[in-house]
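The values are calculated or read from the model by the stated rules, or taken from the named source; none is laboratory data. These numbers come from a predicted model, not from an experiment. Cβ placement follows ideal geometry from the backbone for every residue including glycine, while neighbour counts extend to all protein chains displayed.
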Amino acid sequence: MPHCLPNRFFRDACPQHETRIITTDEIKPAILWESGVVVFEAWKKVLLEAPERCIEVREGHGQDSGPFPQTFDVFLLGSPRVVSLWEKFVQSPVSRLTRSSPIVESAVARNEYIFLPKGPRPPVPVPRNPYDRMLAMHVRRGDYSSSCSHYAKWSSTFFGWNQLEFLPDHFVPPEGSSWGENTPENTEIYLRKCLPSIEQMVARTRQIRQEYSHTKNGTRLDVLYLLTNEKGEWLDELRKAMTNEGFATIRTSRDLQLDQEQMEVNGAVDSEIARRAAVFIGNGVSTLFFGCSPVLTISPVVVIHEQYSARTARGWKGSP
């Protein structure tokens, strides 16, 4: 079934007799390990030359197509080969014209008041817009305890656009690993980037706030938004630690007031808030934000391109 389309809708628009079926076995073996541009051009040629009005790509069964059926699969998105697609993507209407849906924008507008600063008046002038004072941070927990160990086991790189050279944070898998195995020292490096401790988060936010204040003529980041699935004692400890760091206003995903429709797209709501924030701290090995243009990310890290946003995206690379 085509991604993002209910099968019933697709069949209404594209009856079976007007649809050409292509299996991945017909295309992917020849381009499986090619650059993103080569993969894109191969599929583009197929679609442009097909006389049929509708094309449906189905998973093949041959081993030469690889273990993943997607046209742009995780082997491509999780390797530097995808970076060659950046210029095409950033100049395309998909990147330049896409915006959040009305449901997402209504949810953000509904909750903007919770980010208005609390506490004493800052000692220096600050922007009235809370997003201009916001540091957003993706703090995924729960299943990430095992996921981060898995990334270390297979020496994973950053994902998708997080590998772009012009971004401030980069990651090269450390040497010393073998097929499906890694050293305890290397695993600890991955955990610092993928599942940092409270102490590491505090140190990283302190560093970034100092850098931001220096480059923005003393502008303070005193509003913190935590995009997180965490709850309970650990989150309480994190909030306390960040309060001690000088954040006057701290909010989390769980503080948002959403109706039923907005709740169905709460991940996109989180992404839109992160896109508007002055600075976003993420981590480069997740896929959570990858489809949320113009917030361009990959497994928990957001990448925001300077051409259409003045915001800054950072990762956990500098964590001690």
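Just checking, how many residues over segment 103-122 are modelled with pLDDT of 85 or more and over 21 Å from the mean Cα position of the chain (by Cα)? Walk me through it before giving the result.
Step one: of segment 103-122, the residues modelled with pLDDT of 85 or more are 103-116.
Imposing the further condition that a residue be over 21 Å from the mean Cα position of the chain (by Cα) reduces the set to 106, 109-116.
So the count comes out to 9.
Could you please give the count of residues in segment 225-237 that are over 22 Å from the mean Cα position of the chain (by Cα) and either surrounded by 15 or more Cβ atoms within 10 Å (Cβ to Cβ) or part of a helix (DSSP H, G or I) (or both)? Break it down into steps so the answer makes sense when it comes.
Residues of segment 225-237 over 22 Å from the mean Cα position of the chain (by Cα): 232-234, 236-237.
Right, trim to either surrounded by 15 or more Cβ atoms within 10 Å (Cβ to Cβ) or part of a helix (DSSP H, G or I) (or both) and you get 233-234, 236-237.
Adding up the residues that qualify gives 4.
Residue 28 fails exactly one of the following numbered conditions: (1) surrounded by 15 or more Cβ atoms within 10 Å (Cβ to Cβ); (2) part of a loop (DSSP other than H, G, I, E, B); (3) not β-branched (Val, Ile, Thr). What is the number of that condition?
Among (1) surrounded by 15 or more Cβ atoms within 10 Å (Cβ to Cβ); (2) part of a loop (DSSP other than H, G, I, E, B); (3) not β-branched (Val, Ile, Thr), residue 28 violates only (2).
Quick check: anything in segment 9-21 farther than 29 Å from residue 80 by Cβ and either within 30 Å of the chain's Cα centre (by Cα) or among the aromatic types (Phe, Trp, Tyr) (or both)?
The first filter runs over segment 9-21 and keeps only residues farther than 29 Å from residue 80 by Cβ, leaving 9-21.
Adding the requirement that they be either within 30 Å of the chain's Cα centre (by Cα) or among the aromatic types (Phe, Trp, Tyr) (or both) leaves 9-10.
Yes.
Being part of a helix (DSSP H, G or I), touching a residue at least 40 places away in the same chain (Cβ under 8 Å) and either over 30 Å from residue 257 (Cβ atoms) or charged (D, E, K, R) (or both): is that true of residue 48 here? Quick ask: steps written out before the conclusion?
Working: part of a helix (DSSP H, G or I): yes; touching a residue at least 40 places away in the same chain (Cβ under 8 Å): no; either over 30 Å from residue 257 (Cβ atoms) or charged (D, E, K, R) (or both): yes.
No; evaluated as a whole, the condition is false for this residue.
Give the number of residues within segment 63-79 that are exposed (fewer than 14 other Cβ atoms within 10 Å of the Cβ) and within 21 Å of residue 157 (Cα to Cα).
The initial filter retains those residues of segment 63-79 that are exposed (fewer than 14 other Cβ atoms within 10 Å of the Cβ), namely 63-64, 67.
Those left that are additionally within 21 Å of residue 157 (Cα to Cα): 67.
The qualifying residues number 1.
Can you pull out the residues in segment 35-64 that are under 30 Å from residue 170 (Cα atoms) and not aromatic (Phe, Trp, Tyr)?
Hits for segment 35-64 are 35, 36, 37, 38, 39, 41, 42.
For the structure I just gave you, tell me whether residue 60 is surrounded by 15 or more Cβ atoms within 10 Å (Cβ to Cβ), touching a helix residue (DSSP H, G or I) at 6+ places or on another chain (Cβ under 7 Å), more than 23 Å from residue 160 (Cβ to Cβ) and in the same structural domain as residue 15 (by TED's automatic domain parsing). Give the steps one after another, and end with the answer.
Numbers: surrounded by 15 or more Cβ atoms within 10 Å (Cβ to Cβ): yes; touching a helix residue (DSSP H, G or I) at 6+ places or on another chain (Cβ under 7 Å): yes; more than 23 Å from residue 160 (Cβ to Cβ): yes; in the same structural domain as residue 15 (by TED's automatic domain parsing): yes.
So residue 60 passes the test.
Just checking, does segment 260-272 include any residue being assigned to a loop (DSSP other than H, G, I, E, B), at pLDDT 95 or above and not basic (Lys, Arg)? Reasoning before the result, please.
So the first thing to find is which residues in segment 260-272 are assigned to a loop (DSSP other than H, G, I, E, B), and the list is 265.
Imposing the further condition that a residue be at pLDDT 95 or above reduces the set to none.
No, segment 260-272 contains no residue that is assigned to a loop (DSSP other than H, G, I, E, B), at pLDDT 95 or above and not basic (Lys, Arg).
Conditions (1) closer than 19 Å to residue 145 by Cβ; (2) modelled with pLDDT of 85 or more; (3) surrounded by fewer than 18 Cβ atoms within 10 Å (Cβ to Cβ), marked per residue:
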{"position": "174", "(1), (2), (3)": "no, yes, yes"}
{"position": "189", "(1), (2), (3)": "yes, yes, yes"}
{"position": "196", "(1), (2), (3)": "yes, yes, no"}
{"position": "205", "(1), (2), (3)": "no, yes, no"}
{"position": "208", "(1), (2), (3)": "no, yes, no"}
{"position": "212", "(1), (2), (3)": "no, yes, no"}
{"position": "223", "(1), (2), (3)": "no, yes, no"}
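For residue 100, indicate whether it is in the same structural domain as residue 269 (by TED's automatic domain parsing) and polar (S, T, N, Q). Steps first, answer last, please.
Values: in the same structural domain as residue 269 (by TED's automatic domain parsing): yes; polar (S, T, N, Q): yes.
For residue 100, the condition - in the same structural domain as residue 269 (by TED's automatic domain parsing) and polar (S, T, N, Q) - is met.
May I ask you to list the residues in segment 134-180 that are assigned to a loop (DSSP other than H, G, I, E, B) and more than 29 Å from residue 252 (Cα to Cα)?
Step one: filter segment 134-180 for residues assigned to a loop (DSSP other than H, G, I, E, B), giving 140-143, 154-159, 164-177, 179-180.
Answer for segment 134-180, where residues must be assigned to a loop (DSSP other than H, G, I, E, B) and more than 29 Å from residue 252 (Cα to Cα): 154, 155, 165, 166, 172, 173, 174, 175, 176, 177, 179, 180.
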